[in-house]
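Chemist: Please read through the structure below; I'll follow up with questions.
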Amino acid sequence: DIVMTQTPLSSSVTLGQPASISCRSSQSLVHSDGDTKLSWLHQRPGQPPKLLIYEISKRFSGVPDRFSGSGAGTDFTLKISRVEPDDVGVYYCVQATQYPHTFGQGTKLEIK
Amino acid sequence: QVQLVQSGAEVKKPGASVKVSCKASGFLADGVAWVRQAPGQGLEWMGWIHVYNGDTNYAHKFQDRVTMTIDTSTHTAYMEVTSLRSDDTAIYYCARRGPQYMDVWGKGTTVTVSS
């Protein structure tokens, strides 16, 4: 199985400041169809997860452009340019290149 | 906007089975994935079912105890777990799998396994 490793596991950020989360996979996430199936989800406390980013860098409908995804191969990054109060919660990366699909451990974002 | 409505909370004894439903208000796209979250823990992918041919793919640890089915006439997906254990206590989510991956999520079904 592909292991997804996120760093840091928690982050405390001042409002208006940037935040960055790293996700590393144990093997390349380039699919046989040429796409890289790496997504980012956000889960607020007591809520189901929501899709933020898919295929490394494509923002899902309605996601503010403060959120951006980047990376290739085995190393990926989610960046928030200016953290807002609604951004608190846990962020997960997930790979859908190979079965079984696997999640990172999650990164908890708090406001300082 | 498609919504996924899941069945209500369940309390089961060890060794029992539970079947959770997930009804879509519209297009199911490619299929339905199931993800669970134990109390205070992260997300765990359980598997998914293809909407058109019923093909399934399960995570290894669930292959013997989990069955996913789909009723296309009612746009409803089901996920059954047998031989429940206390460590199956979790929130079970369904999510629509489309071109953008898991783009719509249900609110979750809490399953508690306790004697």
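The values are calculated or read from the model by the stated rules, or taken from the named source; none is laboratory data. A quick note: this is a predicted structure, and the numbers were derived from the prediction, not measured. Don't worry about glycine lacking a Cβ; one is built from the backbone with ideal geometry, like all the others, and counts go over all protein chains shown. Ligands, DNA and RNA are stripped out before the accessible areas are found, and what is left, the full protein with its side chains, is counted by its heavy atoms. Shrake-Rupley method; radii C 1.70, N 1.55, O 1.52, S 1.80 Å.
Here is a yes/no grid of residues against (1) open to solvent by less than 10 Å² (accessible area, probe 1.4 Å); (2) at pLDDT 95 or above:
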site	(1), (2)
A:I2	yes, yes
A:T5	no, yes
A:P8	no, yes
A:S11	no, yes
A:L15	no, yes
A:P18	no, yes
A:H31	no, no
A:G34	no, no
A:L38	yes, yes
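Chemist: List pairs: first residue in segment B:31-48 and closer than 17 Å to B:V104 by Cβ and in a loop (DSSP other than H, G, I, E, B), second residue of a type in the set (A, V, I, L, M) and open to solvent by less than 20 Å² (accessible area, probe 1.4 Å) anywhere in the structure, Cβ distance under 9 angstrom, at least six positions apart or on different chains.
Modeler: Final answer for the pair search is B:L43/A:L41; B:L43/A:V94; B:L43/B:V35.
Chemist: Within segment B:82-101, which residues are touching a Ser or Thr at 6+ places or on another chain (Cβ under 7 Å), open to solvent by less than 30 Å² (accessible area, probe 1.4 Å) and part of a strand (DSSP E or B)?
Modeler: Passing the criteria: B:Y92, B:Y101.
Chemist: Moving to a separate point now. Please state which of the following conditions B:D30 fails to meet, knowing it meets all the rest: (1) open to solvent by 10 Å² or more (accessible area, probe 1.4 Å); (2) farther than 30 Å from A:L9 by Cα; (3) at pLDDT 95 or above; (4) within 14 Å of chain A (Cβ to nearest Cβ).
Modeler: Going through (1) open to solvent by 10 Å² or more (accessible area, probe 1.4 Å); (2) farther than 30 Å from A:L9 by Cα; (3) at pLDDT 95 or above; (4) within 14 Å of chain A (Cβ to nearest Cβ) one by one, B:D30 breaks only (3).
Chemist: Is it the case that A:F67 is open to solvent by less than 50 Å² (accessible area, probe 1.4 Å), among the aromatic types (F, W, Y), at negative phi and free of Cβ contacts under 8 Å to residues at least 40 places away in the same chain?
Modeler: Against the criterion (open to solvent by less than 50 Å² (accessible area, probe 1.4 Å), among the aromatic types (F, W, Y), at negative phi and free of Cβ contacts under 8 Å to residues at least 40 places away in the same chain), A:F67 qualifies.
Chemist: Report yes if A:D65 is more than 14 Å from chain B (Cβ to nearest Cβ) and over 17 Å from A:Y54 (Cα atoms), otherwise no.
Modeler: no
Chemist: Sticking with this structure for a sec: Please work out which residue is surrounded by the most Cβ atoms within 10 Å (Cβ to Cβ), limiting yourself to segment B:33-54 and to residues that are at pLDDT 95 or above and more than 21 Å from A:L51 (Cβ to Cβ).
Modeler: Per the stated criteria, the residue is B:A38.
Chemist: Out of all the residues in segment A:14-39, which are more than 10 Å from chain B (Cβ to nearest Cβ), within 17 Å of A:S68 (Cα to Cα) and assigned to a strand (DSSP E or B)?
Modeler: Listed by number, the residues that qualify are A:A19, A:S20, A:I21, A:S22, A:C23, A:R24, A:T36.
Chemist: Mind counting the residues in segment B:14-27 that are surrounded by 23 or more Cβ atoms within 10 Å (Cβ to Cβ) and among the polar types (S, T, N, Q)?
Modeler: 0
Chemist: Name every residue in segment A:68-102 that is away from chain B (no Cβ under 11 Å) and touching a helix residue (DSSP H, G or I) at 6+ places or on another chain (Cβ under 7 Å), in order of residue number.
Modeler: Answer for segment A:68-102, where residues must be away from chain B (no Cβ under 11 Å) and touching a helix residue (DSSP H, G or I) at 6+ places or on another chain (Cβ under 7 Å): just A:I80.
Chemist: If you don't mind, another one. Are any of the residues in segment A:71-78 surrounded by 13 or more Cβ atoms within 10 Å (Cβ to Cβ), among the β-branched types (V, I, T) and part of a loop (DSSP other than H, G, I, E, B)?
Modeler: Checked segment A:71-78: at least one residue is surrounded by 13 or more Cβ atoms within 10 Å (Cβ to Cβ), among the β-branched types (V, I, T) and part of a loop (DSSP other than H, G, I, E, B).
Chemist: Hey, among B:S83, B:S73, which residue is over 22 Å from A:G46 (Cβ atoms) and at pLDDT 95 or above?
Modeler: It is B:S83.
Chemist: Scan segment B:59-81 for residues that are open to solvent by 20 Å² or more (accessible area, probe 1.4 Å) and either at the interface with chain A (Cβ under 9 Å from one of its Cβ atoms) or of a type outside the set (S, T, Y) (or both) and jot them down.
Modeler: Within segment B:59-81, B:H60, B:K61, B:Q63, B:D64, B:R65, B:I70, B:D71, B:H75, B:E80 meet the criteria.
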